[in-house]
Amino acid sequence: MKKTALHQKHIDLGAKMVPFAGFEMPVQYTGVNDEHKTVREGVGVFDVSHMGEFLVSGPNAFSLIQKISSNDATLLFPGRAQYAYLPNNSGGVVDDMIIYMISDEEYMLVVNASNLEKDWNWIEKHNDVGADLKNISDEYALLALQGPKSIDLLQNLTNENLDAIKFYHFIKGDLGNVADVIISATGYTGSGGFELYVKNKDAETLWNLLFEVGQEYELKPAGLAARDTLRLEMGYCLYGNEIDETTSPIAAGLAWVTKFSKNFVGMDKILSDKENGTEYKLIAFELLERGIPRKDYSIINTNNEVVGRVTSGTMSPSTQKAIGLGYVKKIALTNENNLALTIRNKVVPLKVVKLPFYKN
């Protein structure tokens, strides 16, 4: 089991540690609801150093990015990032990722830890243009400082104007005595903040700095469980739940990061899904009676026919409602008010709603 550079910090803080994507990771400290509330109302920090980072560089870096990514890298410029996915050859998703344009000939791809080896092999396989590839995952730590107070807290550590960093933009700067940190206005919570890419050797120093200045802002560490409830309230896709090798990105609502203005791997099947529609569609729902939706619970119609399945579900800490995402046959959505879940042989009616579940 791998450990992040901050592993001992989590142990010292009494975190509950669990195996996750080959790492021993903190799932919670003071409790999911408390950590969730901290991020929504104040500021929390996640150690997400298990994420993978690949550098794509050289004169042909752009060509490779365009070939493997669903999104259009012509929209990027140095200091700009974009969300995208790696399409496979059958209309599914190898992984989702964030692409950072560092310079005209250098990009950083941030991928899911559970898919790291698979992603690397996929990109390498399609690198017939001779771009330079480097896996720097073991060299970097990643801290996600999230919440409405994050900008005020972090501004104490830098002379950079953090207000000037727009959403999905980034800079490289110093934080206290830690040099060359990638400060990215990205995150997975919907409550604003920054993701901080730092060399492993500097990770503990940066963590300590954040908590020194963070006392005034009641900064707390947050674990993977709160990260999941926060992302679900926003309706963000999670690989292995809403998207995988077999799910259509069009059905998953990812048409907005699928650009057919250029050619990319697996484009034809995805274009067909866009033009002809898909059998299933990802929906967001709330339960109308007591119960908690869980992954793979069946979604049924009034005839008790299974018409879909839950991909993610929880009791929302922010709304105090039972919420979930799931795939449902489009034909069943013509009468969406008659859908329900089966929870331990009990039929619980649901209501289809618009995302996000939580509105700031």
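The values are calculated or read from the model by the stated rules, or taken from the named source; none is laboratory data. Everything numeric here is computed off the predicted structure, so don't read it as measured data. In this analysis, Cβ positions are derived from the backbone assuming ideal geometry, glycine residues included, and neighbour counts consider all displayed protein chains.
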message: For the range 175-221, which positions are touching a strand residue (DSSP E or B) at 6+ places or on another chain (Cβ under 8 Å), of a type in the set (D, E) and in a helix (DSSP H, G or I)?
response: D202
- prompt: Is one or more of the residues making up the range 146-157 within 18 Å of the chain's Cα centre (by Cα) and over 12 Å from L196 (Cβ atoms)?
  reply: yes
message: So for the range 79-93 (the condition being over 24 Å from I243 (Cβ atoms) and outside the structural domain of K172 (by TED's automatic domain parsing)), does at least one residue qualify?
response: yes
query: Pick from the range 230-274 the residues that are over 21 Å from H36 (Cα atoms) and of a type in the set (S, T, N, Q): which of them is surrounded by the fewest Cβ atoms within 10 Å (Cβ to Cβ)?
result: S261
- request: Would you mind listing the strands (runs of 3 or more DSSP E) fully within the range 1-60 where at least 3 residues are within 18 Å of the chain's Cα centre (by Cα)?
  value: 23-28, 44-47, 52-57
query: What do you reckon, is K220 among the basic types (K, R), closer than 20 Å to S70 by Cβ and more than 18 Å from the chain's Cα centre (by Cα)?
result: no
field: Total residues in the range 138-172, condition part of a strand (DSSP E or B) and small (G, A, S)
entry: 2
query: Looking at this structure, is E106 within 16 Å of E53 (Cβ to Cβ), surrounded by fewer than 15 Cβ atoms within 10 Å (Cβ to Cβ) and outside the structural domain of M25 (by TED's automatic domain parsing)?
result: no
Residues of the range 5-60 satisfying the condition of being closer than 30 Å to E105 by Cβ and polar (S, T, N, Q): S49, S57, N60
query: Does R227 qualify as being buried (at least 20 other Cβ atoms within 10 Å of the Cβ), more than 21 Å from V307 (Cα to Cα) and under 14 Å from the mean Cα position of the chain (by Cα)?
result: yes
- prompt: What number of residues within the range 179-201 satisfy the criterion of being surrounded by fewer than 22 Cβ atoms within 10 Å (Cβ to Cβ) and β-branched (V, I, T)?
  reply: 2
- request: Filter the range 97-137 down to the residues that are touching a residue at least 12 places away in the same chain (Cβ under 8 Å), part of a loop (DSSP other than H, G, I, E, B) and of a type in the set (D, E), then identify the one that is nearest to D163 (Cα to Cα).
  value: D104
query: Residues of the range 202-222 being under 17 Å from Y29 (Cα atoms) and touching a Gly at 6+ places or on another chain (Cβ under 6 Å), which ones?
result: E218, K220, A222
message: For the structure I just gave you, tell me whether F357 is aromatic (F, W, Y), farther than 23 Å from T246 by Cβ and modelled with pLDDT of 95 or more.
response: yes
- prompt: Out of all the residues in the range 75-96, which are of a type in the set (A, V, I, L, M) and outside any helix (DSSP H, G or I)?
  reply: L76, A81, A84, L86, V93, V94
- line: S150 fails exactly one of (1) in contact (Cβ under 8 Å) with a residue 40 or more places away in the chain; (2) closer than 21 Å to S63 by Cβ, namely (2)
